[in-house]
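The values are calculated or read from the model by the stated rules, or taken from the named source; none is laboratory data. This structure is a prediction, so every number in the text was calculated from the model and none was measured. Neighbour counts are summed over all protein chains in view; Cβ atoms, including those assigned to glycine, are modelled from backbone coordinates with ideal geometry. For accessibility, only protein heavy atoms count, side chains too; no ligands or nucleic acids. Shrake-Rupley method; radii C 1.70, N 1.55, O 1.52, S 1.80 Å.
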Amino acid sequence: MEAFYTTLSSPASTSVLNFQGSELPRRKLCKKSSHTILASPTLPKPFLQIYGRPQTLLYRSTRLSSGAHRVTISAEAGRQNWDFGRFVKTLFFFNGFPSPAKFFDFLVEKLSDPSPSEVVNTMGTSDIVLVAGATGGVGRRVVDILRKKGIPVRVLVRNEEKARRMLGSDVDLVIGDITKDSTLIPEYFKGVKKVINAASVIVGPKEGDTPDRAKYSQGIKFFEPEIKGDSPEKVEYIGMRNLIKAVKDNLGLRREKLLFGFEGNNYRQLPWGALDDVVMGGVSESTFQIDPSGGENGGPTGIFKGVVSTANNGGFTSIRTKIRVPFSSLRPVFRARTVSDAPPFDPSIVVSLQLMFSKFEYDGKLNETFVEGPFELPVSSIHAYIIKDPITPRFVHVSSAGVTRPERPGLDLSKQPPAVRLNKELDYILTFKLKGEDLLRESGIPYVIVRPCALTEEPAGADLIFDQGDNITGKISREEIALMCVAALDSPYACDKTFEVKSVIPFSEPFTVDPANPPPEKDYDVYFKNLKEGITGKEALQQNPVSV
């Protein structure tokens, strides 16, 4: 049962950190902050016990000098002996064995008091759009459109020389191959907030093309095709899996993600380490244990417990993980002081999660309800998820019409495009495109999947037909698809939808545009609004197909 949760708001989005455990009486905390911790009444036993009294909890984000940020939950005496051994153990857990040089640096850090603004100046976000498959027919047009709009863009390519020749020497470029997980280095994706994936397996004529690629421009309807280079399984399925893995933490999830705890048959453990006031001479002490039957339903739960003391000017206990935990926004606080002029938070630099019980609140104030002594905080699970209002796609994927048709019962293949008829001969190209789509749909990333019919080199501007259920055939301009992908990034109407699209112009008629009288720019939201979530065409695999 959910006991309390914390919410952090910014103009663009809200991050929610969910803690589950036993319940305590309803209270609204952090009254002067926009960030609240709420609790629901039911059980008389308080969630946080300190001598039997419910205590105020404080949520805050603190920027550490190491570049990390910590998320904390917070709640005067004489001198006592300080435990140097526990101090060394703390340093060893979080920083490795403390060499003399590291120990000296640590002391300098603790003794110095840089201004909060100096510490948080490294925070920020550039909201880069990553384009995969940037040298392909759709991809290079996407890059051009983004740059003309002034949107920061980074391209992921295999061939640097080819990419710079096509896209310009000043393009923000990283070299990687989505079919090889080891080449997708985390640093490549720093600052990336959205992705347009136009990467695709290469299909070309068996007998080769002309110097001006006339056959390529005509499409595979006009030549006998074969796979060139990596197989559809590697590009469309394994490549999608690797790309999602590489960018997932940066983009954020629409659904909640279990970070710690027990959820049905799932269990996720975190390597918790105590970070108490021993680091500043205090004697408070805490630990984190798993109680097999301490949960509200008699199941397992984690217990953050210990003894807090203000002796030796101390007064806090905490436990922290050593893992990466993604959030889209956090409120910047440095040494219990709010940083009002901090730039936007960059979630890519979050490296750990911390729970803290402290005598301190915000901005020099003390926790009025703080009491020294033993305490326990049961935590059965912790979730994190991204909520953005309105939610827009973080991952735009260019797939293909026809991906559900090769196995559709009763379908007349003679009336279908070549890729459907030749799916097996082309190493199951559409089968693996569909498997790749499913990986994206299951990832939790807000997405949109665009399924163009046969792609052409014609200009954009023709009237369009949008459809769902994977039934239509026809053609559409690569330029049109590129414009559509960029527009989808900012459209809440496109989010979590899969659709097919074609031009109203038949194959037998070329489409041209008068440069002196170009067609007006399209408002793609007009089309996106009429689309529905959950329709993929797979619904027809077990029933009679719709006539085309």
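Miscellaneous remarks
- Just one of the numbered conditions (1) in contact with an Asp or Glu (Cβ under 6 Å, 6 or more places away or on another chain); (2) open to solvent by 10 Å² or more (accessible area, probe 1.4 Å) is not true of Ile449: (2).
- Any chance Leu146 is more than 27 Å from Ser491 (Cα to Cα), open to solvent by less than 20 Å² (accessible area, probe 1.4 Å) and modelled with pLDDT of 95 or more: no
- Flag if Gly261 is at positive phi and at pLDDT below 75: yes
- Subset of the stretch 514-536 (residues that are among the aliphatic types (A, V, I, L, M), within 40 Å of the chain's Cα centre (by Cα) and loosely packed, with under 14 Cβ neighbours inside 10 Å): Val526
- Residue that is nearest to Gly474 (Cα to Cα), among those in the stretch 399-413 that are open to solvent by less than 30 Å² (accessible area, probe 1.4 Å) and charged (D, E, K, R): Arg405
- Pairs where the first residue, in the stretch 370-398, is modelled with pLDDT under 70 and open to solvent by less than 20 Å² (accessible area, probe 1.4 Å) and the second is of a type in the set (Asp, Glu) and in a strand (DSSP E or B), C-beta under 8 Å, 6+ apart: Ser381/Glu263
- Test: Phe507 is in contact with a Leu (Cβ under 9 Å, 6 or more places away or on another chain) and hydrophobic (A, V, I, L, M, F, W, C): no
- Any chance Leu251 is open to solvent by less than 30 Å² (accessible area, probe 1.4 Å) and at pLDDT 75 or above: yes
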